[in-house]
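Colleague: Provided herewith is a single structure, encoded as structure tokens, for subsequent inquiry.
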Amino acid sequence: METVNIKKLAQLLNLSISTVSKALRDSHDIGKETKEKVLQLATELNYQPNPHASSLRKHKSKTIAVIIPEIANNYFALAINGIEFVAREKGYHVLIYLTHEDYANEVAFTRHLVSGRVDGVLISVAHSDKDFAHLQELRMKGLPIIFFDRVCENFDTVKVTTDDYESAYLATKHLIEQGCKKIANLGIAKTLSIGNKRLNGYLKALKDHNIPVDESLVIECTNDQDADFNLIKDLFKNERPDGIFAQVEKYA
């Protein structure tokens, strides 16, 4: 059976393609009688609109990019599940980009997206991010950007985060209330805002409970699993903390 498209409808009705397209969209530019003729023939011939062609005409890909540093982290797995669920409900597809905590990968991905492959970007920045020029480039192209979890504080856009300071404070306070006095802080890079906020929450809890800060218990972990293992091993060999505040779950 021959595929019926807008061009075919226009030929059969002796109308312009533009008129038929507007009639199918119920445009106020088209009269009632013309709309009825177009809709009647479209129904008779079982016309089905082409969503891909429609997206191209509107310069919309109906696709959202999600850039994350890792997938093993339970938080990001849950976040992707939620993002994909909502996107699917709205008729969007999701492309997942894993930077593996590598700044160069993040830059390469965003440069790839400049071409207009997606309609928007959700991003949680890499561990080593120091320069966000690549994200500014995306925004200059008119692409919406939303940060979640790991954000760039100086980037003026929507940010979806938890209260990292308060969460760290409460976690440390709980350990203190359990009798811990030598609480280690296993932190992520201080270049990340969440790392600084969680560290400050930890320090404030110690201060409020008159526990002096022992710098040897404040560990800044890396993105190297073997190096982190040795840092934590040395911590237990030298100081032996009686409590641990792990800023991210993999350090726990």
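Values quoted throughout were computed directly from the atomic coordinates according to the rules given, and no laboratory measurement underlies them. Bear in mind that the values here come from a model prediction, so they are computed numbers and not experimental data. Counting neighbours? That spans all protein chains shown, and the Cβs are built from the backbone with ideal geometry, glycine included.
Colleague: Residue 218's amide H: which non-local residues (gap 5+, or another chain) put their own amide H closer than 5 Å, with H modeled 1.01 Å from N in plane and none for Pro or chain starts?
Modeller: Correct list: 185.
Colleague: Another question, then. Can you grab the distance from the C-alpha centre of the range 63-86 to the C-alpha centre of the range 223-245, Å, no decimals?
Modeller: Each part reduced to its Cα centre gives a spacing of 29 Å.
Colleague: How far, in degrees from 0 to 90, does helix 103-113 lean away from the longest principal axis of the Cα atoms of the chain, to the nearest 10?
Modeller: Approximately 10 degrees, to the nearest ten.
Colleague: Treat every Asp and Glu Cβ in the range 6-49 as -1 and every Lys and Arg Cβ as +1, leave all other atoms uncharged, and give the resulting dipole magnitude about the Cα centre to the nearest 20 debye.
Modeller: Numbers: 7 positive and 5 negative charges, 27 e Å.
The dipole magnitude comes to about 120 debye.
Colleague: For the range 63-160, with the dipole built from +1 on Lys and Arg beta-carbon atoms and -1 on Asp and Glu ones, taken about the Cα centre, which of 125, 78, 136 lies farthest toward the positive end?
Modeller: Of the options given, the answer is 136.
Colleague: Hey, another quick one. Given 207/233; 159/190; 32/90; 7/60; 7/90; 35/62, which pairs have Cα atoms separated by over 25 Å?
Modeller: Check vs 25 Å cut-off fails for 207/233; 32/90; 7/90; 35/62.
Colleague: Oh, and also: Under a Cβ-only charge scheme (Lys and Arg +1, Asp and Glu -1), can you give me the dipole magnitude of the chain about the Cα centre, in debye to the nearest 20?
Modeller: That gives a dipole near 1120 debye.
Colleague: What is the local net charge at residue 169, summed over the other residues whose Cβ is closer than 15 Å to its Cβ (Lys, Arg +1; Asp, Glu -1)?
Modeller: 0
Colleague: Grab the other residues whose beta carbon is less than 12 angstrom from that of residue 205, score K and R as +1, D and E as -1, and report the net. Please list the in-between numbers first.
Modeller: Working: positive: 173, 198, 204, 207; negative: 166, 177, 208.
Taking every other residue near residue 205 into account, the sum is +1.
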